[in-house]
There are 2 protein chains.
Amino acid sequence: MHWNTGDLEKLERRYRGNLINSIGGYKSLLLVGTQSSQGNNNLAIFSSYFHIGADPAMCGMVVRPAEETENTLGNILQTGHYTLNHVLPSFYEKAHQCSAKYPAGVSEFERVGLTPHYMDAFKAPFVAESSIKMGCEFVQKMDIAFNGTTIIIGRIVFLEAPDDCLLDDGSIDLNASQTVTCSGLDTYHVAQLLGKLPYAKSPK
Amino acid sequence: MHWNTGDLEKLERRYRGNLINSIGGYKSLLLVGTQSSQGNNNLAIFSSYFHIGADPAMCGMVVRPAEETENTLGNILQTGHYTLNHVLPSFYEKAHQCSAKYPAGVSEFERVGLTPHYMDAFKAPFVAESSIKMGCEFVQKMDIAFNGTTIIIGRIVFLEAPDDCLLDDGSIDLNASQTVTCSGLDTYHVAQLLGKLPYAKSPK
């Protein structure tokens, strides 16, 4: 099956959404925890995380103009902080439920049954059930005029991972951590190792 | 194990690179095909693809300031076209080898043993061995001053996927397509379905 631009434009809206959301392959799946300046917690599920650099440690994610993500963006801009939390098989259904539309001010933690966890002076809640947790500071936002989305760029200022998931070279063993990945907006997977390869060199 | 900003800064460079590159979870893995205005093919491996929107179909990826990616960025700016090709278990080692440094003008297709495939007037080569192929037109680049990286934003103008990987709702079945995902810069995985969940609604 193949599609060109004209074919894509003619597709039914949800069909096209499912196709384009899944065609790029497996995605990072993270629960994003934020808090409003009034102290209301918000938890949202994102699959648009991307690595920007390791020194300083920086990452990006795309925030859609849709209603359900306004709280995340608004809270990040208010407090400057957000958390990124891995999803495990034991609570992926609760993570998915965070994509439902709840009224502003309602805590998804409470509604889906996950536990907010606070650390020091960090102004955003982590997910207690997540074994791998990241704390980020807002750096910059970039608006994409073409479709009204916004890229949030952040600096990773805190990391936590189980000792038995940390390899000697600093890599996280995502199979051992049972980290969940997703495709599209509704399909969840765990992964199996094919191979860890040596640094690629060109033959002399 | 946990790290704060000060701990991260003290880590050995490669250790920190492995940690930060893998901490965000599984990533989209794509071979990016481009061609210079002189007609030289280039094939590079990227794990920073992210979804931006479905209508119009748009995606982004991060290009590092490093030497080996200069060809990809330069070629995209010259021709306006690039291809994104899924990696399969049968050739993931060849895909990894594309990360080696080859001199400018050398075709990674030839060196690693993959086959360029041309379509109509599209000014970039696809990977014949990839069952899922995407053709993109350059839309915009955004420079991240903080670390010298660049975000390339493109419009998806062509898609190809095997009939037996396309579900009734438009989703691609990435388990059926045997699409490879990666963690960090050197570790490759295939995935297994946990579940495909219904659209999440908040209880009335």
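The values are calculated or read from the model by the stated rules, or taken from the named source; none is laboratory data. For clarity, every value in this text was computed on a predicted model and none was experimentally measured. Every residue, glycine among them, receives a Cβ derived from its backbone with ideal geometry; neighbour counts consider all protein chains shown.
Quick notes on this one:
- For the range A:73-93, the criterion of a residue being of a type outside the set (D, E, K, R), more than 7 Å from chain B (Cβ to nearest Cβ), more than 18 Å from A:Ile151 (Cα to Cα) and part of a strand (DSSP E or B) is satisfied by at least one position.
- For the range A:146-170, residues that are surrounded by fewer than 19 Cβ atoms within 10 Å (Cβ to Cβ), facing chain B (nearest Cβ under 7 Å), modelled with pLDDT of 95 or more and not in a strand (DSSP E or B) total 2.
- Options B:Asp186, B:Asp143; residue that is in contact (Cβ under 8 Å) with a residue 12 or more places away in the chain, of a type in the set (Asp, Glu), in contact with a strand residue (DSSP E or B) (Cβ under 9 Å, 6 or more places away or on another chain) and under 30 Å from B:Gly17 (Cβ atoms): B:Asp186
- In summary, A:Gly105 fulfils each of the numbered conditions (1) at pLDDT below 95; (2) more than 7 Å from chain B (Cβ to nearest Cβ); (3) part of a strand (DSSP E or B) with the single exception of condition (3).
- Hits in the range B:139-156 (condition: touching a Leu at 6+ places or on another chain (Cβ under 8 Å) and closer than 29 Å to A:Ile156 by Cβ): B:Lys141, B:Thr150, B:Ile152
- Search result, residues across the range A:171-204 that are more than 7 Å from chain B (Cβ to nearest Cβ), within 20 Å of A:Glu93 (Cβ to Cβ) and in a loop (DSSP other than H, G, I, E, B): A:Ser177, A:Gln178, A:Leu185
- Scope the range A:24-37; condition free of Cβ contacts under 8 Å to residues at least 12 places away in the same chain and over 16 Å from B:Val157 (Cα atoms); matching residues: none
- Selection from the range A:1-48 of residues that are within 30 Å of A:Leu88 (Cβ to Cβ) and touching a helix residue (DSSP H, G or I) at 6+ places or on another chain (Cβ under 7 Å): A:Leu31, A:Val32, A:Thr34, A:Gln35, A:Ser36, A:Asn41, A:Asn42, A:Leu43, A:Ala44, A:Ile45
- Within the range A:1-23, tally of residues that are of a type in the set (S, T, N, Q), closer than 12 Å to B:Leu159 by Cβ and either at pLDDT 95 or above or outside any helix (DSSP H, G or I) (or both): 2
- Listing of strands (runs of 3 or more DSSP E) fully contained in the range B:26-65 that carry 1 or more residues being within 8 Å of another protein chain (Cβ to nearest Cβ) and of a type outside the set (Ser, Thr, Tyr): B:30-35, B:50-54, B:57-63
- When residues of the range A:108-136 are limited to those that are part of a strand (DSSP E or B), touching a residue at least 24 places away in the same chain (Cβ under 8 Å) and more than 9 Å from chain B (Cβ to nearest Cβ), the one surrounded by the most Cβ atoms within 10 Å (Cβ to Cβ): A:Val127
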